[in-house]
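Worksheet: one structure, shown below.
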Amino acid sequence: MGSTTPALDAVRLSLHVLAATIWVGGQFTLAGLVGTARRLGPEAPKALAGAFARLSWPAYAVLVLTGLWNIAATHPSTQSGLWQAVLGVKVGVVALAGLAAWAHSRSRHPRGTAAWGALSGLSSLAALVLGVVLAG
């Protein structure tokens with residue numbers, strides 16, 4: 001990728017992947033636990049969501065910061081037009097994932113909560129796939 005040093009590249013990429021495992025993987029894990037949480041009591045899903053938020057939002061911030069670092073390290077002006085277009089789509093999808101997660105956390109209606117949660121999870125997964133394509 002033409003960055004500074006291999007060690008610094010390893011730190012940057014490791015932080016980015018770790019944050020993605022928390023943000024993306026955590027959303028899918030939590031979605032899989034909702035049914036069990038409901039059986040534990042009506043407040044359990046909300047308590048789990050609050051605990052996850054304390055981990056996921058810092059992870060999202062790390063994703064954005066290391067994502068910017070990744071962009072700087074790859075020198076976008078030297079990349080192909082297709083690569084730049086994919087990067088633009090990824091940036092939009094990352095923003096959508098964050099906005100959808102925020103709306104999910106603020107929704108007061110079950111349908112809205114489900115819809116925003118699904119959009120957040122799917123857009124987060126799309127951002128992950130686009131990141132793999134860009135690294136390709």
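Any read-out appearing in this document is the output of simple, stated calculations on the displayed coordinates, not a laboratory observation. Just so it is clear, the model here is predicted, and its values are computed rather than measured. In this analysis, Cβ positions are derived from the backbone assuming ideal geometry, glycine residues included, and neighbour counts consider all displayed protein chains.
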Can you tell me, using C-alpha contacts under 8 Å and at least 6 residues apart, the relative contact order of region 37-136 as a whole percent?
23
Can you tell me which of 60-70, 27-37, 77-87 comes out highest on packing, and rank the rest after it, using the mean Cβ neighbours within 10 Å?
60-70, 27-37, 77-87
Positive-pole candidate from Pro6, Val17, Pro76, dipole of the chain, charges at beta carbon:
Val17
By how many degrees, 0 to 90 and rounded to 10, does the Cα axis of helix 6-20 deviate from the longest principal axis of the chain?
20
Taking the Cα centre of the chain as origin, work out the dipole magnitude from +1 charges on Lys and Arg Cβ and -1 charges on Asp and Glu Cβ, in debye rounded to 20.
520
Descending semi-axes in Å of region 6-135, equivalent ellipsoid built from Cα gyration tensor:
31, 16, 10
Expressed as an acute angle from 0 to 90° and rounded to the nearest 10, what is the orientation of the C-alpha long axis of helix 44-74 relative to the principal long axis of the chain?
10
The helix 26-40 Cα axis meets the longest alpha-carbon principal axis of the chain at an angle in degrees, between 0 and 90 and rounded to 10, of 10
